[in-house]
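The values are calculated or read from the model by the stated rules, or taken from the named source; none is laboratory data. Computed from a prediction, not measured in an experiment: that's the story for all the values here. Backbone-built Cβ (ideal geometry, glycine too); neighbour counts: all protein chains shown. Calculation scope for accessible area: heavy atoms of the full protein, side chains included, ligands and nucleic acids excluded. Shrake-Rupley method; radii C 1.70, N 1.55, O 1.52, S 1.80 Å.
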Amino acid sequence: MSRRRELLQLGPARIEVIVEGTGPAIVLLPSSLRDSEDFDPLADLLASEGFRVLRPQPRGMGRSSAPPAGMTLETLAADVAGVIAQLDAAPAVVVGHAYGHWVARVTDLRHPACVRGVVVLGAAARVFPAGMAQALAVASDPAREEQERLDALRVCMFAPGNDPRPWLQGWYPQWRDAYREAARHPPKDEWFGRSHAPVLDLQGAEDAWRPPGTRAELADALGTKVTVQVIDGAGHALVPEQPQAVATAIAGWVRRLDNPA
């Protein structure tokens, strides 16, 4: 599948976008401190299913501009909406992995005309389980010993038996403070219980950030707008662990948006 990169000018910012495929648009947003390259296998699979896949590089990653002072989730959502508009892709399905799902949800909240569906991949419980944030800080810190990082990745990111080694690379810890502060604005209470578009809540069966008792919390908040689906053999990383299962779930759900039973 052919792949190209575009550099878009959105006001004072430049946002790099990886584009492949043709058809209805799906936008992929990566997890905390990681870039859109994580989605290579998933993007190929979705493009082969007949979708146009857009992958904006987050601020500070690829050729995208650095995070501005005072960056918020609304800043990042405006980037997503700007990419959708400039590439004539509205309305798009916006897929957010972990931290990226916060951006996807705020994009739907603030730019509903751009979004026809939201897929949340590996969304953590509304209140993080104890120890997860600390394990992520270790896993994403290249200054730590390799074994310590691998142990942390197994705790907070990968299901037992899945290889965490590829995620020793690909982190942008220099932007940790900027993204942590952005996540506070708007506060979660403002967007968690609201959605314009339908939502697919795609969960790893062994996601340590999403204990079984929290499986339905998004559906409880948003009601019939939400479809919950659980992927076996996956933890919080989900996408590198089970790319085919994730692609199949997303493609099937998007097609049902167009042809409801």
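How do the pairs read when you match residues in the stretch 135-146 that are more than 17 Å from D177 (Cβ to Cβ) and of a type in the set (A, V, I, L, M) with residues anywhere that are assigned to a helix (DSSP H, G or I) and open to solvent by 40 Å² or more (accessible area, probe 1.4 Å), using Cβ under 7 Å and keeping only pairs 6 or more apart or on different chains?
Taking only residues 6 or more apart or on different chains, the pairs are A135/V155.
Consider only pairs whose beta carbons are under 6 Å apart and that are at least six residues apart or on different chains; among these, list those whose first residue lies in the stretch 173-185 and is modelled with pLDDT of 95 or more and whose second residue is polar (S, T, N, Q).
P173/S140; A182/T72; H185/T72
Only residues in the stretch 25-37 that are in contact (Cβ under 8 Å) with a residue 24 or more places away in the chain and within 20 Å of A251 (Cα to Cα) count as the first member; pair them with residues that are open to solvent by less than 10 Å² (accessible area, probe 1.4 Å) and of a type in the set (S, T, N, Q), Cβ under 6 angstrom, at least 6 apart or cross-chain, and list the lot.
P30/S36; S36/Q57
Cβ-Cβ under 7 Å, sequence separation 6+ or interchain: first residue in the stretch 197-216 and closer than 14 Å to V228 by Cα, partner at pLDDT below 95. Which pairs?
Listed by first residue and then by second, the contacts come to P198/L257.
Out of (1) surrounded by fewer than 20 Cβ atoms within 10 Å (Cβ to Cβ); (2) over 17 Å from the mean Cα position of the chain (by Cα), what's the single condition that is false for A183?
Of everything listed in (1) surrounded by fewer than 20 Cβ atoms within 10 Å (Cβ to Cβ); (2) over 17 Å from the mean Cα position of the chain (by Cα), A183 misses just condition (2).
Please go through (1) among the aliphatic types (A, V, I, L, M); (2) assigned to a strand (DSSP E or B); (3) in contact with a His (Cβ under 7 Å, 6 or more places away or on another chain) for V27 and return the number of the only condition it doesn't satisfy.
(3)
Have a look at V228, V239 and point out the one that is under 13 Å from L121 (Cα atoms) and surrounded by fewer than 21 Cβ atoms within 10 Å (Cβ to Cβ).
Matching residue, one of V228, V239: V228.
Can you spot a residue in the stretch 225-245 that is assigned to a helix (DSSP H, G or I), at pLDDT 95 or above, more than 22 Å from D35 (Cα to Cα) and not aromatic (F, W, Y)?
Yes, because at least one residue in the stretch 225-245 is assigned to a helix (DSSP H, G or I), at pLDDT 95 or above, more than 22 Å from D35 (Cα to Cα) and not aromatic (F, W, Y).
Inspect the stretch 119-133 for any residue being touching a residue at least 60 places away in the same chain (Cβ under 8 Å) and more than 18 Å from the chain's Cα centre (by Cα) and give the result as yes or no.
So far as the stretch 119-133 goes, yes, one or more of its residues are touching a residue at least 60 places away in the same chain (Cβ under 8 Å) and more than 18 Å from the chain's Cα centre (by Cα).
Restricting to the stretch 152-174, give me the number of residues that are over 16 Å from A133 (Cβ atoms) and not basic (K, R).
Selection size over the stretch 152-174: 14.
Within the stretch 116-150, can you find the residues that are open to solvent by 10 Å² or more (accessible area, probe 1.4 Å) and either part of a helix (DSSP H, G or I) or touching a His at 6+ places or on another chain (Cβ under 8 Å) (or both)?
Residues satisfying the conditions are A124, M132, A133, Q134, A135, L136, A137, V138, E146, Q147, E148, R149.
Which ones in the stretch 2-24 are of a type in the set (S, T, N, Q) and open to solvent by less than 20 Å² (accessible area, probe 1.4 Å)? Don't jump to the end; show me each part of the working.
So in the stretch 2-24, the residues of a type in the set (S, T, N, Q) come out as 2, 9, 22.
Within the stretch 2-24, no residue meets the criteria.
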